[in-house]
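Q: Questions regarding the structure given below will be posed in turn.
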Amino acid sequence: MSWNGKEEDNMKLKAPGIPYYANPGHSRVLFLEEKRQLFHIDQDLPCYPFWYEYVIREDNAVYQSGPVAYAMFIIGLEGVSHYTVAGTDYAVPPETLLFIPEFTPFRISSNGRITKCLLEVKGSNLTSLLATFNLREIKLFQIRGHMEFVREMRQIAEKLGSRNEDDFLDAMGMTYQFLARLSFLQQKEKGQENFLQKILEFLEQDFSRAITLNDLCSAMKMSPSTLTRLTKHHLGFTPMQYRARRKLERATYYLYMKEMTIKEIAYRLGYCNPFHFSREFKRFTGLSPIAYRAESHLLREIGRDVDNREKP
């Protein structure tokens with residue numbers, strides 16, 4: 001499939017409202033295959049695939065995006081792509097798989113010919129589900145026999161192009177299998193993971209609802225001191241610190257959506273008023289929600305500036 005304007009418009013539909021920057025090299029491809037989820041969903045589902053790409057590109061390319069509400073799995077097949085997240089560069093050569101969690105701003109760059117495939121996954125319980133598979137943060141996997149992962153991605157993609165309910169359910173099942181296969185590449189302790197899964201499922205439920213440490217203790221049937229100690233060991237935060245942090249991470253995503261007011265964001269995340277939300281957000285990011293939102297429009301300009309500096 002060759003690239004044309006229609007495909008470019010489709011690309012932009014992946015993350016409506018999210019500002020991004022792409023240099024001309026990103027639009028010029030030798031081959032691009034795309035599959036998007038076509039089955040209509042009228043309910044929240046814990047995890048499902050919604051986008052697949054297989055791309056071959058020769059021109060130097062740059063793409064930069066703000067936080068998006070999906071997780072990405074990228075497999076390098078030829079050449080080297082570079083993903084920059086929070087100032088850290090992750091090189092993705094052949095036989096390498098990169099996982100990027102949801103709500104993570106990222107920048108992609110490549111020089112010369114590259115080939116890669118990508119799967120994007122959404123879901124109402126995606127964060128806690130990924131944690132079950134020990135996918136809580138960006139990870140780079142060395143995958144021998146990587147074509148098996150590519151084949152699984154391709155099988156999911158074939159189902160994504162269908163409006164049939166059975167095909168959609170098959171795609172969901174194959175996505176769980178794909179996540180499980182990744183988890184087998186990692187060393188983990190089952191007891192710790194099961195414990196962590198239950199805590200995350202509780203802490204990451206409806207953010208508009210008030211939850212206390214006692215609520216969590218009752219659900220886990222543990223004392224506050226034991227639960228806090230174990231949670232801090234696994235997550236690096238106390239339970240309530242973790243929930244507050246996840247709420248504010250979600251806020252950075254909502255702030256990219258111009259149609260949502262600060263007040264609406266505050267109440268959706270369970271804050272008693274916008275002023276309390278603004279104080280907590282500034283403590284977390286160093287910027288007020290208004291200032292953070294105002295800075296988002298600079299993303300394109302920053303990308304252009306970086307692109308110009310990289311030109312010989």
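Q: Within the stretch 220-290, which helices (runs of 4 or more DSSP H) (wholly inside it) include 2 or more residues that are open to solvent by 50 Å² or more (accessible area, probe 1.4 Å) and touching a residue at least 40 places away in the same chain (Cβ under 8 Å)?
A: Working: elements: 224-235, 239-254, 262-268, 274-285.
In the stretch 220-290, the matching helices (runs of 4 or more DSSP H) lie at 262-268.
One line per residue, one yes/no per condition, for (1) modelled with pLDDT under 90; (2) open to solvent by 30 Å² or more (accessible area, probe 1.4 Å); (3) among the small types (Gly, Ala, Ser); (4) under 20 Å from GLY123 (Cβ atoms):
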site: GLU152; (1), (2), (3), (4): no, no, no, yes
site: GLN155; (1), (2), (3), (4): no, yes, no, yes
site: PHE168; (1), (2), (3), (4): no, no, no, yes
site: ALA171; (1), (2), (3), (4): no, no, yes, yes
site: TYR176; (1), (2), (3), (4): no, yes, no, yes
site: LEU179; (1), (2), (3), (4): no, no, no, yes
site: GLN187; (1), (2), (3), (4): yes, yes, no, no
site: GLY191; (1), (2), (3), (4): yes, yes, yes, no
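Q: For the stretch 108-131, enumerate the residues that are surrounded by 21 or more Cβ atoms within 10 Å (Cβ to Cβ), out of contact with any strand residue (DSSP E or B) (no Cβ under 7 Å at 6 or more places or on another chain) and not aliphatic (A, V, I, L, M).
A: Selection gives THR127, SER128.
Q: Mind listing just one residue for me: the one in the stretch 198-210 that is within 25 Å of PHE133 (Cα to Cα) and in a loop (DSSP other than H, G, I, E, B) and, of those, most open to solvent (accessible area, probe 1.4 Å)? Steps first, answer last, please.
A: Residues of the stretch 198-210 within 25 Å of PHE133 (Cα to Cα): 198-207.
Next, only the ones that are in a loop (DSSP other than H, G, I, E, B) stay: 204-207.
Values: GLU204: 29, GLN205: 50, ASP206: 89, PHE207: 21 Å².
Ranking the candidates gives ASP206 first.
Q: Report, by residue number, each residue of the stretch 65-86 that is over 26 Å from SER128 (Cα atoms) and open to solvent by 10 Å² or more (accessible area, probe 1.4 Å). Give the derivation first.
A: Going residue by residue through the stretch 65-86, those that are over 26 Å from SER128 (Cα atoms) are 76-82.
The answer is LEU77, GLU78, GLY79, VAL80, HIS82.
Q: Does PRO93 meet the test of being in contact (Cβ under 8 Å) with a residue 12 or more places away in the chain, closer than 23 Å to PRO24 by Cβ, open to solvent by 30 Å² or more (accessible area, probe 1.4 Å) and in contact with a strand residue (DSSP E or B) (Cβ under 7 Å, 6 or more places away or on another chain)? Explain how you work it out, then say what you get.
A: On the way: in contact (Cβ under 8 Å) with a residue 12 or more places away in the chain: yes; closer than 23 Å to PRO24 by Cβ: no; open to solvent by 30 Å² or more (accessible area, probe 1.4 Å): yes; in contact with a strand residue (DSSP E or B) (Cβ under 7 Å, 6 or more places away or on another chain): yes.
So PRO93 does not fit the description; no.
Q: If you don't mind, another one. Being farther than 23 Å from LEU32 by Cα and charged (D, E, K, R) narrows it down to one residue among ARG107, ARG151, ARG136, ARG163; which is it? So that I can check it myself, show each step before the final result.
A: Values: ARG107 fails: farther than 23 Å from LEU32 by Cα; ARG151 fails: farther than 23 Å from LEU32 by Cα; ARG163 fails: farther than 23 Å from LEU32 by Cα.
Checking each option against the conditions leaves just ARG136.
The values are calculated or read from the model by the stated rules, or taken from the named source; none is laboratory data. From a predicted model like this one, the values you see are computed outputs, not experimental measurements. Neighbour counts run over all protein chains shown; Cβ positions are idealised from the backbone, glycine included. What goes into the accessible areas is simple: the full protein's heavy atoms, side chains included, and nothing from ligands, DNA or RNA. Shrake-Rupley method; radii C 1.70, N 1.55, O 1.52, S 1.80 Å.
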